[in-house]
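Right, one structure below, let's go through it.
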Amino acid sequence: MPGRHRAARPSGVGRAHIAALDGLRGFAVVAVLLFHAGYLNGGFLGVDLFFVLSGFLITGLLLGEATGRGRIPLAAFWVRRARRLLPALCCVVVVTVLATWAWGSTAQLRFALDDLPWVGAQAVNWHYIAEQVGYWNASDTRVFAHLWSIGVEWQFYLAWPLVVAVAARGRFGERIVASLAGAGALVSLALTVSLGAAVDTTRAYEGTDTRAAALLLGALVATAPVRDLARRVPRRAADLVCLALACGLAVAWAVTEGEKAPLLFEGGLFVHSLAAAVLIVLMARVPGTWAARIAGSRLPRGLGKLSYSLYLWHWPVYLLLLPRLSALGGPGGTAVAIGVSLVAAAVTTRFVEDPVRARAGWARGGRGWIAVVAPAVAGVVLWAAVPEPVTGAGTVDVDQLR
Amino acid sequence: MNSKRTFRTRSSRRSARHALSGVAAVAALGLALVGCGGKDSGTRDEGKSRATASTDTKVLWLGDSIAGAEAPALGAALKASGVEFKDSSSDGGGTIVDSGEKITQMISGDTWKQLAKDIKSFRPTVVAYQVTTYDWGSPARQRAAYEKAVGTVEDAGAKLVFVAPPPIKIDGFYKPHEAQMRTAPKVAAEVAGKSGGAAAFFDASQVWGTDHAAQEALRAPDGIHNCQQGAAAFARWFTGTLGKQEKFTPASVDSWAQKSWTGDKRYGNLRCAA
């Protein structure tokens, strides 16, 4: 394996454990897919698990760099993130706009064009907060509604490495990072409680500051003090704790009554994130746990590897395809929509994500740069070229008013 | 460090620089587009609106998001009638009643603050408050809030108009407050009746009926708000009723009912026909 791939592994996380964490991503994305299809009321918590995993893995990578090289090359970090995330995102966005133009409703096309610049700026979560999308239950008019979480992740990726780069210097660097992550998570919890007591919960649900709790708890368990503590846990004890935590997460996914359940903003999201963080660090640090073996098995791991593209594709596929599959009934239509999403995700992963990330032949050097920018430019051209629909014409019958 | 490694580092730095430029370009493009404020909308030809006789009436519109879904048409109808209009309805609350529950304490506090600001800046001659779905609490609490509103608006030299809310689908959220929501318009009517002319009560059941499921109620797919046709029907009725009170002539529906307000974003959010 080339050196750069070895360096990209989070601090102290072995290959088997990476497979287990991939598997967790697989469970998370399935939960989200089922939730959006109306089959798992708390499946949206899968996004929270994604956040915790991201915080854990990213912080592990940054601390690994800080320990190994004595400094964190921030530009290289951001470039790797961009190569990992942007090409697939741009491809999905471009295809989605075209598909919405062809098959979407007038409102869907209008909102797609409205939201597109915010998606490009990786800030669509704030746009949706301003638009009170949650209050209006308007997600199914927005083909990019699910990309709020990608915006949150990007904003975290921009800010947190700067903090780690400064805090991780020196002898007690990892302890300082752990303290900052823990304190930050508590501040984020306080913000969630405060902002969640509102009629419109979009601010609490999609805010970067409020959802930072999950990312920072993931970051906290990636630091040496917690890693070392986890490593000392005997395997049998770890098995029992992992079993309890996994059951707890599964119950939360099954019984939580949607994204607006008041308990979520009164500490529920925080407890979920904390449980996920402990599960992750035990799976990553204690060798041979049952949880890691199950999560690392073929199916969840395979889904985990597709999870990013699958997450990107599923929502526009649902919105544009499901209304046309009503003859198949709910489960039949959902199965077809998930199947289409899986195929699209597999193609995107195989031909876009992996080659660009691994710098395959066509995606090296200057061509790599083109691979990142070209889909983005295509998105901008499309945004300018697709005519915004005129909405509202013919909706009022004046004769009925006389 | 061997030469191979040096080369690789330089190469990766170069590609990193390129890729970083790419990322910056993508973000800059996105931000530039955001900065543009979105594409042009509402491009439908409004035509040259006929000059309307200006009145001295200035209407400040208050209420919750149901009032908000009525506001685009109401604004168009009143402006076409020469009446100044300011929509201060709230998407998510808008109540003036502190029911004793934390949520309405917060909302009503915000509404009162906003009302004070609007009175100062807009100087309305009419403040119209559509009773909201958050006007919870006992009749005594409702009465106290409505009487306070009458006093506040009277002190500002304006008249208060209470507007009854439309019938809505009572879902799980509203169920615990259904009885309180039913008393609120009755209390508002009573307060207006005893105000000595400082306030009036407009009974909107004349336009909506009393059954949310009936065709006449013109509810949006959510059973709570209205779409464009409902907004237009309400605006015609309200403008006519207010015109009688304030002595102005409502503009013909032909002059405003099919204009650009029908493309307001909130109707997209409500899954109304586009």
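The values are calculated or read from the model by the stated rules, or taken from the named source; none is laboratory data. Everything numeric here is computed off the predicted structure, so don't read it as measured data. All Cβ positions, glycine included, derive from the backbone under ideal geometry; neighbour counts span all protein chains shown.
Here are the numbers:
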quantity	calculated
Positions within the range B:110-123 being more than 24 Å from residue B:247 (Cβ to Cβ), among the aliphatic types (A, V, I, L, M) and surrounded by 13 or more Cβ atoms within 10 Å (Cβ to Cβ), in sequence order	B:115
Where residue A:44 falls short, out of the listed (1) within 18 Å of residue A:316 (Cα to Cα); (2) at pLDDT 95 or above; (3) surrounded by 24 or more Cβ atoms within 10 Å (Cβ to Cβ)	(3)
The listed residue being touching a residue at least 12 places away in the same chain (Cβ under 8 Å), more than 13 Å from every other protein chain (Cβ to nearest Cβ), buried (at least 24 other Cβ atoms within 10 Å of the Cβ) and touching a strand residue (DSSP E or B) at 6+ places or on another chain (Cβ under 9 Å), out of B:83, B:97, B:150, B:126	B:83
When residues of the range A:106-135 are limited to those that are within 8 Å of chain B (Cβ to nearest Cβ) and out of contact with any Gly (no Cβ under 9 Å at 6 or more places or on another chain), the one surrounded by the most Cβ atoms within 10 Å (Cβ to Cβ)	A:133
Looking only at the range B:218-246, and only at residues there that are of a type in the set (D, E, K, R), in contact (Cβ under 8 Å) with a residue 12 or more places away in the chain and more than 10 Å from every other protein chain (Cβ to nearest Cβ), the one that is nearest to residue A:144 (Cα to Cα)	B:219
For residue A:71: the one exception among (1) closer than 30 Å to residue A:337 by Cα; (2) of a type in the set (Lys, Arg); (3) outside any helix (DSSP H, G or I)	(1)
Among (1) in contact (Cβ under 8 Å) with a residue 40 or more places away in the chain; (2) at the interface with another protein chain (Cβ under 9 Å from one of its Cβ atoms), the one test that residue A:204 misses	(2)
Only listed residue being within 20 Å of the chain's Cα centre (by Cα) and modelled with pLDDT of 95 or more, chosen from A:86, A:61, A:49, A:21	A:49
Residue within the range A:98-105 that is within 14 Å of chain B (Cβ to nearest Cβ), assigned to a helix (DSSP H, G or I), within 19 Å of residue A:384 (Cα to Cα) and more than 22 Å from the chain's Cα centre (by Cα) present	yes
Among (1) assigned to a helix (DSSP H, G or I); (2) at pLDDT 95 or above; (3) over 26 Å from residue B:174 (Cα atoms) - the single one residue A:143 does not satisfy	(1)
The range A:341-356 residues that are within 13 Å of residue A:84 (Cα to Cα), paired with ones that are among the hydroxyl-bearing types (Ser, Thr, Tyr) (beta carbon under 7 Å, 6 or more apart)	A:348/A:309; A:349/A:309; A:353/A:308; A:353/A:309
Complete set of residues in the range A:335-348 that are hydroxyl-bearing (Ser, Thr, Tyr) and over 15 Å from residue A:29 (Cα atoms)	A:348
Count of the range A:378-399 residues which are among the charged types (D, E, K, R), outside any helix (DSSP H, G or I) and free of Cβ contacts under 8 Å to residues at least 12 places away in the same chain	1
Residue list for the range A:352-402, filter: on the phi > 0 side of the Ramachandran plot and within 7 Å of another protein chain (Cβ to nearest Cβ)	A:365, A:392
Given (1) part of a helix (DSSP H, G or I); (2) closer than 21 Å to residue A:57 by Cβ, index of the condition residue A:288 fails	(1)
Count - residues of the range B:65-114 that are in a helix (DSSP H, G or I) and of a type outside the set (Gly, Ala, Ser)	17
Residue in the range A:172-190 that is at pLDDT 95 or above, within 12 Å of chain B (Cβ to nearest Cβ), crowded, with 22+ Cβ neighbours inside 10 Å and under 25 Å from residue A:76 (Cβ atoms) present	no
Any chance residue B:266 is under 21 Å from residue B:90 (Cα atoms), in contact (Cβ under 8 Å) with a residue 24 or more places away in the chain, under 16 Å from the mean Cα position of the chain (by Cα) and away from every other protein chain (no Cβ under 14 Å)	no
Index of the failed condition, residue B:120 passing every other in (1) charged (D, E, K, R); (2) closer than 30 Å to residue A:401 by Cα; (3) at pLDDT 95 or above; (4) more than 14 Å from the chain's Cα centre (by Cα)	(2)
Count of the range A:190-224 residues which are assigned to a helix (DSSP H, G or I) and either in contact with a helix residue (DSSP H, G or I) (Cβ under 7 Å, 6 or more places away or on another chain) or among the acidic types (Asp, Glu) (or both)	24
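Residue-by-condition table, conditions (1) over 26 Å from residue A:149 (Cα atoms); (2) in a helix (DSSP H, G or I):
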site	(1), (2)
A:226	yes, yes
A:229	yes, yes
A:233	yes, no
A:239	yes, yes
A:245	no, yes
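Matching residues to (1) in contact with a strand residue (DSSP E or B) (Cβ under 6 Å, 6 or more places away or on another chain); (2) more than 18 Å from residue A:212 (Cα to Cα); (3) in contact (Cβ under 8 Å) with a residue 12 or more places away in the chain; (4) not hydroxyl-bearing (Ser, Thr, Tyr):
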site	(1), (2), (3), (4)
A:108	no, yes, yes, yes
A:113	no, yes, yes, yes
A:125	no, no, yes, yes
A:137	no, yes, no, yes
A:141	no, yes, yes, no
A:151	no, no, yes, yes
A:155	no, no, yes, yes
A:163	no, no, yes, yes
A:168	no, yes, yes, yes
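Table: residues versus (1) part of a helix (DSSP H, G or I); (2) more than 27 Å from residue A:107 (Cβ to Cβ); (3) in contact with a helix residue (DSSP H, G or I) (Cβ under 8 Å, 6 or more places away or on another chain).
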{"position": "A:292", "(1), (2), (3)": "yes, yes, yes"}
{"position": "A:308", "(1), (2), (3)": "yes, yes, yes"}
{"position": "A:320", "(1), (2), (3)": "yes, no, yes"}
{"position": "A:329", "(1), (2), (3)": "yes, no, no"}
